[in-house]
Amino acid sequence: MVNRAKESVKSGGEIKALLWYQGESDTSSYNDAKSYKDNMESLIQNVRQDLGSPSLPIIQVAIASGDSKYMERVREAQKEIDFPNVVCVDAKGLPLKEDHLHLTTEAQVRLGQMLADAYLANFAPPPASS
């Protein structure tokens, strides 16, 4: 991920934010769920350092599905991360496919809108005045 991001910048790209939607696999193990917050905080620090962008905006999605045993523990860890320029969008309640794991197409579109709204509300520069 970091190497591809660095390559895109070399080619003239600009990294505006990181969108992070992960955590379902951490819901099946107590140790993984318990370690989620520390691991995510380390990931944020490491990615920002590796990209040379200490204030890189990060929008994390609080998961909508996973093993019910530790899902709420992971979700709480996701919502509790309190770093500058890190916001959380909650996917809970979005419709799931019959597998009870993946979002429906409509839910994916809605989540995309939620992520865009979070970026615009928290990180986009104000519109230029005329």
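The values are calculated or read from the model by the stated rules, or taken from the named source; none is laboratory data. None of the values given here were measured: they were computed from a predicted structure. Backbone-built Cβ (ideal geometry, glycine too); neighbour counts: all protein chains shown.
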Condition first: out of contact with any helix residue (DSSP H, G or I) (no Cβ under 7 Å at 6 or more places or on another chain) and among the charged types (D, E, K, R). Now tell me which residues in segment 75-89 satisfy that.
Arg75, Glu76, Lys79, Asp82
Do we have Asn46 as more than 30 Å from Pro125 (Cβ to Cβ), polar (S, T, N, Q) and surrounded by fewer than 17 Cβ atoms within 10 Å (Cβ to Cβ) here?
no
Here the residues within segment 16-27 that are surrounded by 15 or more Cβ atoms within 10 Å (Cβ to Cβ) and not aromatic (Phe, Trp, Tyr) are Ala17, Leu18, Leu19, Gly23, Glu24, Asp26, Thr27
Restricting attention to helices (runs of 4 or more DSSP H) lying wholly within segment 11-130, give those where 3 or more residues are over 22 Å from Met1 (Cβ atoms) and within 16 Å of the chain's Cα centre (by Cα).
71-80, 105-122
Single residue of Lys69, Lys79 found to be within 25 Å of Gln113 (Cβ to Cβ) and charged (D, E, K, R):
Lys79
Just checking, does segment 113-120 include any residue being touching a Cys at 6+ places or on another chain (Cβ under 9 Å) and at pLDDT 95 or above?
yes
Scan segment 1-10 for residues that are assigned to a helix (DSSP H, G or I) and surrounded by fewer than 13 Cβ atoms within 10 Å (Cβ to Cβ) and jot them down.
Val2, Asn3, Arg4, Glu7, Ser8, Lys10
For segment 19-30, indicate whether the set of residues that are among the acidic types (Asp, Glu) and either free of Cβ contacts under 8 Å to residues at least 40 places away in the same chain or closer than 21 Å to Asp117 by Cβ (or both) is non-empty.
no
So is Val74 within 23 Å of Ala124 (Cβ to Cβ), of a type outside the set (Ser, Thr, Tyr) and surrounded by 17 or more Cβ atoms within 10 Å (Cβ to Cβ) or not?
no
